[in-house]
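Every number in this text was worked out from the coordinates using simple rules, so none of it is lab data. All values reported here derive from a predicted model rather than from experimental measurement. FYI the Cβ positions are ideal-geometry reconstructions off the backbone, even for glycines, and counts take in every protein chain you see.
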Ligand SMILES: NC(=O)c1ccc[n+]([C@@H]2O[C@H](COP(=O)([O-])OP(=O)(O)OC[C@H]3O[C@@H](n4cnc5c(N)ncnc54)[C@H](OP(=O)(O)O)[C@@H]3O)[C@@H](O)[C@H]2O)c1
C-alpha cells in the first residue's frame, strides 16, 4: 500500500484524491489545505506544514508559480516529493527531498467529473526506484502511464495549450459572437463533438475542412465582412493563413 499526502486541494488535488479513494493499493493518509472546513470523511486534513505526516509520496498540487518556494518550505528531507504541473521543470523542486513528477494530462475543474482511467499520467523522477513507485501508483488509477523528461513534458504541455486552451478560447469567441447575434451556441455542440471524435481516427491534417483549406476566397471575404470586432478579424485572418499554408494553397 502506497501512502500519499496530497498538498493543495484545488482542481487537481481533489480529482486525485477521488481517484485514489476508488482504488486499493494507495491510501491518501493526509490532505494539506488552507481551508480547514473540508469534509473528507476519514482522511485527516491539516493547514500546517509542520503537521505533515510521514508518507511514501507527497503530491504538490499547488499553482505553478509557488511550487518551488513551497517545496523549500517542507519541514523534512529525503522524502519523495512530486508536483503535478505540465510546465514546471523537475529541477524547480527543493534539493532537500527526492524529486519527481506526476503530471495528469487533462483539464480539471472541481465540479466536473473525469474518467482517470483515460488520462495519461506523465512521470519523471531522479531515482529509478522512485520512478517505479510513481509509475505503479499512476497505473492504479490510469491505463496510460508514461515516463517523460521535463523538456519533453514542457513541449507536450505547450501542445496541450494549443489543443485545449486555444480551442476553448475559440469556443468562447464563437459563443459570444452568437450571443450578440441572438443565435443558440448549442447548435454548434454536435460539430464540436464530431471534430474531437474525428481526430481519434484521422490525423488532424486529414481531418481539416473549411473555406481556408478549399481556398474559397468568396466565403472568407463574406465572413470578414460579418465581423465588426477587429480582434476577431485578425484572428480569423491569421488562422486562415496558417491553414492555407499548411495545405499548400496561397490565399
Ligand atoms: N487544472 C488543470 O486543468 C491542471 C491540469 C494538469 C495539471 N495542473 C497542475 O496542477 C497544479 C494545481 O493546479 P490546480 O488547477 O489544481 O490549481 P488550483 O485549483 O488553483 O488549486 C491549487 C491549490 O493550491 C492551494 N494554494 C494556492 N496558493 C497557495 C499558497 N500560497 N499556499 C498554500 N496553498 C496554496 C490552493 O488553496 P486554496 O484553495 O486555499 O486557495 C488550492 O488548494 C498546477 O501545477 C497545475 O499546473 C492543472
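List the relative contact order of the chain as a percent without decimals, with contacts defined as Cα pairs under 8 Å and 6+ residues apart. Kindly include the intermediate steps, with their values, before the conclusion.
Numbers: 349 pairs, mean separation 30.8, N = 251.
Computed over the chain, the figure is 12 percent.
Using only the Cα atoms of the range 125-244, build the gyration tensor, take square roots of its eigenvalues as a ≥ b ≥ c, and label the shape rounded, prolate or oblate: rounded if a/c is under 1.5, else prolate if a/b is larger than b/c, else oblate.
It comes out prolate by the Cα gyration axes.
Based on the mean of other beta carbon atoms within 10 Å per residue, what is the order of 168-176, 12-20, most packed first?
So the order, starting with the most tightly packed, is 12-20, 168-176.
Using the Cα atoms as the points, what is the convex hull volume per residue of the range 2-148 in Å³?
Hull volume over Cα atoms, normalised by residue count, gives 102 Å³.
How far, in degrees from 0 to 90, does helix 230-246 lean away from the longest principal axis of the Cα atoms of the chain, to the nearest 10?
90 degrees
If you line up the long axis of helix 167-180 against the longest principal axis of the chain, both from Cα atoms, how many degrees apart are they, to the nearest 10?
Here the helix axis deviates by roughly 50 degrees.
Return one quarter of the surface area of the convex hull spanned by the alpha-carbon atoms of the chain, equal to its mean projected area, in nm².
16.6 nm²
For the chain, take the longest principal axis of its alpha carbons; what is the angle in degrees between that and the long axis of helix 64-73, to the nearest 10 within 0 to 90?
On a 0 to 90 degree scale, this one is about 10.
By average Cβ neighbour count within 10 Å, what is the ranking of 130-142, 108-120 from highest down? Walk me through the intermediate numbers first.
Numbers: 130-142: 18.8, 108-120: 12.6.
Packing proxy ranking, top to bottom: 130-142, 108-120.
Share of antiparallel DSSP beta bridges in the chain, in percent to the nearest 5?
Here the antiparallel bridges make up roughly 20 percent for the chain.
Counting only C-alpha contacts under 8 Å and six or more residues apart, can you give the relative contact order of the range 2-148 as a whole percent?
Numbers: 294 pairs, mean separation 30.4, N = 147.
Rounded, it is 21 percent for the range 2-148.
Relative contact order of the range 129-251: what whole-number percent is it, with Cα pairs under 8 angstrom and at least 6 residues apart?
Rounded, it is 14 percent for the range 129-251.
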